[in-house]
Amino acid sequence: MHALPYGFKKFSMSDPLPACARWKDHMPASRDPAAYRLYIEARKVWRSKIAWQFKREEATRILTDVKKAAELGDWGARALMAHFYLHGLGVLETNHVLDADPVKSVEIARMAAKAMQPWGLYDLGVAHEHGYGGAHYDVDLAWAYYLRAAQLGSPEAQMALAQAYSDAGRLNDEETMLQCAYQQGHGAAAYALGIDREASKKDFRAAMKIFQDGVKFGNQDCADSLFLLFDWKTNSEGDRALLRDLNINSDSERSSRYRAISDALQINPDLKLSRLDQVLPLPPAVLPPWSGVEDAVEPESYDKPTY
């Protein structure tokens, strides 16, 4: 194992759980509005289509604007540039505008980690776990980064710790870490908790509530789970009996709405469906009319970014 950075410690199962921190509390207190707007508008375009559907001109504009916002110091743009450098941008010869360059991706993660930004610490941990981009392969070092990221509220790192506790049979600690990420609006954590309630505990009412939250967070798996729950084609007879006891029945209209949301989230997981309960409330509420997924989407905000 290589030497740990100052202030870091090796992850150990015998240590107490990290406190349930929030990543937003460990990010810059403000963001430059111009850089943020440049970044967020480019991100919207990037999330508007499936990768192969972009024209070269669109991909070029996305890359140009995100890179400019990153140069202006916006941390979101820097994180997205790290993603672009890791995977490249443009999957076809006709729209390819950036080759993958993991070294540059890790350089951005190192810069963010040096500033103790939770996402950078987590990304650097991933690089060390897999040994790419100039980050030497070192699992212990990777987990030291995951631990530090979790201590600063990275939901992805909290999920990583949750999996480690699960593998060790520490299910209560797994639940605690999942709850930490879930309370921050992390869709994957909502899905994991919902599956536990549905599959392990057969608590369908609790599962529905958690899945509903996950859909609001933009998680496609949660939308698929609710689609299947109300579709009933894959539900066992035992599960159907439990659902009937809760006055939850097969509901083709609810199911079709969740299917439409799932399709939308497959393209754009950035969607924040804050109006979901108004247009697609859980039973026993009666479904109101709806004209499509856009009815559930949070209206555009032009307020100055607060972080």
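The values are calculated or read from the model by the stated rules, or taken from the named source; none is laboratory data. Remember, predicted model here, so these are calculated numbers, not experimental data. Here Cβ is always computed from backbone atoms with ideal geometry, including for glycine, and neighbour counts include all displayed protein chains.
Are there any helices (runs of 4 or more DSSP H) wholly within segment 211-307 with 1 or more residues that are over 21 Å from the mean Cα position of the chain (by Cα) and acidic (D, E), and if so which?
So the answer is 220-231, 237-245, 252-267.
Would you call Q163 part of a helix (DSSP H, G or I) and more than 16 Å from W23 (Cβ to Cβ)?
Answer is yes for this residue.
Listed here are the residues, each with its yes/no results for (1) more than 20 Å from G88 (Cβ to Cβ); (2) at pLDDT 95 or above; (3) among the basic types (K, R).
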site	(1), (2), (3)
C20	yes, yes, no
W23	yes, yes, no
A29	yes, no, no
Y39	no, yes, no
R43	no, yes, yes
W46	no, yes, no
I50	no, no, no
K55	no, yes, yes
E58	no, yes, no
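Of the residues in segment 62-96, how many are in a loop (DSSP other than H, G, I, E, B) and either in contact with a Cys (Cβ under 8 Å, 6 or more places away or on another chain) or hydroxyl-bearing (S, T, Y) (or both)?
Keep residues of segment 62-96 that are in a loop (DSSP other than H, G, I, E, B), which gives 72-74, 88, 90-96.
Of the ones still in play, those that are also either in contact with a Cys (Cβ under 8 Å, 6 or more places away or on another chain) or hydroxyl-bearing (S, T, Y) (or both) are 94.
Qualifying residue count for the region: 1.
Name the residue that is farthest from T60 (Cα to Cα), counting only residues in segment 8-25 that are in contact (Cβ under 8 Å) with a residue 12 or more places away in the chain and over 18 Å from the mean Cα position of the chain (by Cα).
Applying the filter and picking the extreme gives M13.
Residues that are over 19 Å from the mean Cα position of the chain (by Cα), surrounded by fewer than 22 Cβ atoms within 10 Å (Cβ to Cβ) and part of a loop (DSSP other than H, G, I, E, B): does segment 118-130 have at least one?
no
Name the one entry in P283, P269 that is touching a Gly at 6+ places or on another chain (Cβ under 8 Å), modelled with pLDDT under 95 and not basic (K, R).
Being touching a Gly at 6+ places or on another chain (Cβ under 8 Å), modelled with pLDDT under 95 and not basic (K, R) holds for just one of P283, P269, which is P269.
Going by the structure shown, is R244 charged (D, E, K, R), crowded, with 16+ Cβ neighbours inside 10 Å and closer than 21 Å to R205 by Cβ?
Judged against the criteria, R244 is not a match.
What is the residue count in segment 164-184 for residues that are surrounded by fewer than 18 Cβ atoms within 10 Å (Cβ to Cβ) and closer than 21 Å to F217 by Cα?
4
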